[in-house]
Structure formats: C-alpha cells, structure tokens
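Asks: Take this structure first; my questions come after.
Rule-based calculations on the coordinates, nothing more; no lab input. Quantities reported herein were computed from a predicted structural model and do not represent experimental measurements. Neighbour counts run over all protein chains shown; Cβ positions are idealised from the backbone, glycine included.
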Amino acid sequence: MMSDQSDTGPEEFGSQEPSPASVVDIREYRQARDPLPVTFHRRELDAILWIYGRMVGEGAWRDYAIDHLKDRAVFSVFKRSGEFPLYRIEKNPKLAGKQGAFSVIGADGRILKRGHELKQVLKVFDKSLKLVE
C-alpha cells in the first residue's frame, strides 16, 4: 500500500520548521529574505550632486546614473549618455571597517581615491589637471 507521507520523520529535518508557538516580526522576516539595497543618504547625495553640478558647469560631465544594488550604491557620471562612465562614486558598507566605504573609480577601473569620509574622497575632483607639453 502506497502512502503520500515520506519515510523520514521530522527529526531528520532539524530546526528547519519553526515551532507553532514562535512569533516572527514580519519586517525582520522580509529583510532577511530580501535585504534592502544599499543607498546614498541625503547628505552624501548632496555632496555628490554639488560636485556633479560644478563639473557640468565646466562642461566636463553631462549625465549621471544612480544604482542601488544589494552590496553597494553607485553614482556613475558620463560625458555622453550612451558611453561608459567616466567615474563611479561607490559606497560599499562592507569595506567601512577596512579601507573605507567610499571610493572614486576611474573609467579604466582603477581606484583613484578611497576613504571613510565621502567629502575627503570627493576631493579627488578638486585637483585641476594640466596639459603637459
């Protein structure tokens, strides 16, 4: 005679199933299943947009994109909208205890500056580049 129940008992599954009396906070459950993406805070975005506005005024930048990913937030700047980004300003919280959560990455993928304070990292754009003849 065939049965729909499996031969294995609940003891083989360990603690996969919660006990019927346990209470779970729905916010914690949802965040554990689908964590919120990393975002720029308002002050961080203000600092980035201030630099962006200055560079647009100088004619160096024309477009930007913001990506909020699971592990990092990225602000990309472009000379033209259909091209690769000239620079990426990234926030990666996993690196906050080490090299710093913020970094500026060039078009070639090199990290131009990294640190714990965004305003210090953004100073990489304060340097005026001069043509060497």
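Asks: Only one of (1) assigned to a helix (DSSP H, G or I); (2) within 14 Å of ALA101 (Cβ to Cβ) is not met by ASP71, so which one is it?
Replies: Every listed condition holds for ASP71 apart from (1).
Asks: With the requirement that a residue be more than 14 Å from LEU69 (Cα to Cα) and outside any strand (DSSP E or B), what does the stretch 82-102 give you?
Replies: GLY82, GLU83, PHE84, PRO85, LEU86, LEU95, ALA96, GLY97, LYS98, GLN99, GLY100, ALA101
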